[in-house]
Every structure is written in C-alpha cells, then in structure tokens.
1. Based on the alpha-carbon gyration tensor of segment 125-231 and its eigenvalue square roots a ≥ b ≥ c, which shape applies: rounded if a/c is under 1.5, prolate if not and a/b is larger than b/c, or oblate?
2. Could you tell me what % of all Cα pairs in segment 187-345 have separations over 18 Å?
3. Quick one: dipole size for segment 360-431, taken about the Cα centre, charges +1 on Lys/Arg Cβ and -1 on Asp/Glu Cβ, in debye to the nearest 20.
4. Taking the Cα-to-Cβ direction at residue 424 and at residue 274 and moving 7 Å from each Cα, how far apart do the two end points lie in nm?
5. Considering the options 387, 405, 417, tell which one lies farthest towards the positive end of the dipole of segment 360-431, charges being +1 on Lys and Arg and -1 on Asp and Glu at the Cβ, about the Cα centre.
6. Specify the angular offset, from 0 to 90 degrees and rounded to the nearest 10, of the alpha carbon long axis of helix 64-74 from the longest principal axis of the alpha carbons in the chain.
7. Tabulate in residue order the Karplus-calculated ³J(HN,Hα) for segment 116-132, using 6.51 cos²θ - 1.76 cosθ + 1.60 with θ = phi - 60°, rounded to whole Hz; enter x for Gly and Pro.
8. Might you report the magnitude of the Cβ-based charge dipole of the chain about its Cα centre, with Lys and Arg at +1 and Asp and Glu at -1, to the nearest 20 debye?
Amino acid sequence: MNSYDVVIVGAGPAGMACAAEARQAGLSTLVLDEQPRPGGQIFRDIEVSDPGRRALLGKDYAEGARIAEAFRASGADYVSGAVVWNIDSAKRIDYSAGGRSHSVEAKSLVAATGAIERPTPMPGWTLPGVTTVGAAQILLKTSGIVFEDLVLVGSGPLLWLAASQMITAGVPPKAIVETVPKSRYRAAARHVLRALPGWRYLAKGFAMMRAVKRAGVPVHRDAEDIAIEGDSAATAVTFTSGSKRHRIETAHVALHQGVVPNQQMTRVMNCQHRFDESQRAFLPVLSEDFETTVPGVFVAGDGAGIGGAKSAAMRGRLVAMRIAETAGKPVSGERAKLRTALARDAAVRPLLEALYAPSDDVLSPADAVMVCRCEEITAGQIREAVALGAPGPNQVKSFLRAGMGPCQGRMCGLAVSEIIAAARGESPSTVDYYRIRPPLKPLLLSELAGLGAEAPREAAE
C-alpha cells in the first residue's frame, strides 16, 4: 500500500493551494478528487473554459486559473474521479477510481471538501424543475446552459452572483424572490465598521445588485410562505411579499439559503464538532493551524467554516505549512503575512452571516413538507418521533430511516437537527447531527471487491 506525507481530499482552491505548498516544502503529496479536473465547485472546469466563459463568470472565477496552474506545476500525485468512501483511525483512505477500490495511507490527512448548499425544505422543493442555485451555476460553468424562465428563490451572495452572471450571459432571471426580512438589515448594520477591511466584497455585492436593477429583473423582498406549485413538475412559485400574495409562473426554480461546511468526512473520522450560531451550521473543532481533535487530520477551506475562495486558498497554504513544520521541513516565511490577510478577508463574514441567515420557513418547515427526500420523511413525522421520545437525529433515523438514503443526510441533516432542536426547545448543539458511517458515498459491490488493486495515478503537471 502506498504511503504519503500528505493526502488531500478535494481539488478546489484549498486543496490545490495546499498541495502546491506541501510540494514546495518537499512533502510527498497525493490529491484525491471526485471531479474529472481540478477546480472544485467555485473554479469548476477552469482549465478548459474559454476566454468568453471566463469573462462571463467574472475575474474571481478567472483567478482560479493561476491556482490550477501552480497545482499542475507542483508535481503532486493526482487522482481525478476518485470517490473517497472510508477513512479509518490510522488515516488509511479507501477510495474508488476507475471502477475499483484502492487504499492509501497518510501521515497527515487534509479534508478540503469545501461546502454544500444548505437544505431548503419547502412545499414543492422536490418537484422536477426545482434545483439549487449551485446546480444552476454548474450548468452555466460546464455547458453554458441557462434556463430562460429561471426564478431565483432564497438569500445569500451566491443568489446575486448567479443573477449577475445570467444577465451577462444575456439570459436574466425571470425574478428574484428574496427571503431577507427587514429586521436583518438592522442586525447587519451593527457589523458595518468591522466589515470595512473587506470593502471589496461589499462593493462587488452592490455592483451585482445594480446590475440586476439595470436589467429590470423584478426583485420581491421580505418574501415568506413560499411554495412551489405543480403536480408532475414545477409550474409556479407563490409567496407573500409586501403584505400581498404573489404568483410567478415558471417551469424552473433555483433555491438557495447559503452554504455550509461539508462535514461528512470529519464526522466519519470522529472529529469533534460544534454548532456555530452565526453560520447556523456544525463546524469541526480546530486549532489555530486548522488541525482537528484527531491528530494529523486537518481541514482546509470552507469545510473549516465558510470564508470563500480566497480564504480557502490561504487556509490550504497555512495547513501545508503546519504539516511541513511538524515534519521538520522548511516553511515559507509568509505565514504571518498570510494570517493577517486571512483575517482581513474574513472581516466581512459577520455582516454577511447576520444579513443572510437562513429563513425561518426553511429552519422550521410545515408538518406536510418533505425533509428527507431519499426516504420521503416529512417534518411532521420527525416531530412525531420527537414526541415519542427520540432525543436526536440518530434516534429519529432509527424510527423513520431519515438520513439512511444515498445522500447519507447531506440533503436533510441540518434541517433534521434544527427541527428536532426546535421541537425539544434545545439548541442544535445539544441534539447534534447524524452519526456518519462508511461508505461515505454509494459504491458498487464490484468496486468494493476490487479493493487493493493498483491505483490509477498521475502527476499533477
């Protein structure tokens, strides 16, 4: 079995930057990534995107080309299409690639798996034609596809970014239904002075909003009681805004309530987690060097807490520096400078988290709303299980099978924890989250049977 100084899971900005820094320090490095090419979600297909696509997606997207080039030049071993499905206490990583399963050992493991979109349970969210804003972005980045009648529903910077990119592509959204209540603006105002070091993010946000206004896209603010109509597919979005009930006919709806750390990998490693009230999400407990409570296991990027692509790359470099230092390797003298830049880049986060906190409708959906899509479990059934004595998600899983489908709770986990916590009058930190077990992702028996085969591997260059 091959062994490396560092094994990095994920080739987004954090994973690529971590790999390049680790190789510069002389550490043997392997990067495992599910996608066919490096870039992650934020820089998806950056290596094959043409100048027109890069211009459409903006300067921040184009910045990914520099990070990808440095990664390719680093000489790190790289396996694309690699689905990590188990990690044991000795940091042995089992993954599937090329139709067979393989194993590798790591002296240090870096989870750079980024973020996932928050579950958004509401009436009609499981209908065909309804997707997430992130999924709509994937279509744009990989295929240039934009739905002409797309209605964006929810809140968060990604909502406005997607809208501005659609406008640049010549296919503006049909409408934006924003769930931010007026009270949130007052809450966010308290953080304005602290956010000034991140003024470029604020300027970018205002520019995106101005672009939406210039394009004449209707924006319905302070929306609540949102429902997606349709029998076999989405046909309309209904909601209350300005004390009036509105209905927008559409066959395509994209939902978004922010992104949250992808915690599946750190959970399967039994790393300690805490519930962060400002992000309304579970975060791994980390040292100042982003090491988890399991020695030798680190988290780089948005998996450590949402910070964005620039912060992710800086965190990746800092993790690699810490691993190199522990191994007695030379460490770049930029560490102090990176920490200062990281703090400056994160200055805007408290304002954004106060303004774009998830809506009450999503955190506490009506009883009839389906929450666990895989097993078709409603919010009402979860509350009934709590009334019968289930104290947390794992007991609800035993009662109802919620979280036992192919997604392993990625699509419902946070929502289930929030519903249970509200029903018990407790914090999500008390009820906690699903206990995650391998396999982390579905795999074929034929892939499992081939465990131990020689792994496909290429140098990053």
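1. Values: a/c = 2.04, a/b = 1.38, b/c = 1.48.
In terms of gyration-tensor shape, oblate.
2. Details: 9148 of 12561 pairs.
Beyond 18 Å sits 73 percent of the P(r) for segment 187-345.
3. Values: 6 positive and 8 negative charges, 57 e Å.
Computed about the Cα centre, the dipole is about 280 debye.
4. That separation, rounded to one decimal, is 2.0 nm.
5. It is 405, whose Cα lies furthest towards the positive end.
6. Long axis of 64-74 versus the principal axis of the chain: about 20 degrees.
7. With the stated coefficients, segment 116-132 comes to 10, 6, 5, x, 10, x, 7, x, x, 6, 9, 6, x, x, 9, 9, 9 Hz.
8. Working: 52 positive and 47 negative charges, 260 e Å.
I would put it at about 1240 debye.
Read-outs: derived from the displayed coordinates by stated rules, not from any lab. On a predicted model such as this, the values are computed, not experimentally measured, just so you know. Neighbour counts run over all protein chains shown; Cβ positions are idealised from the backbone, glycine included.
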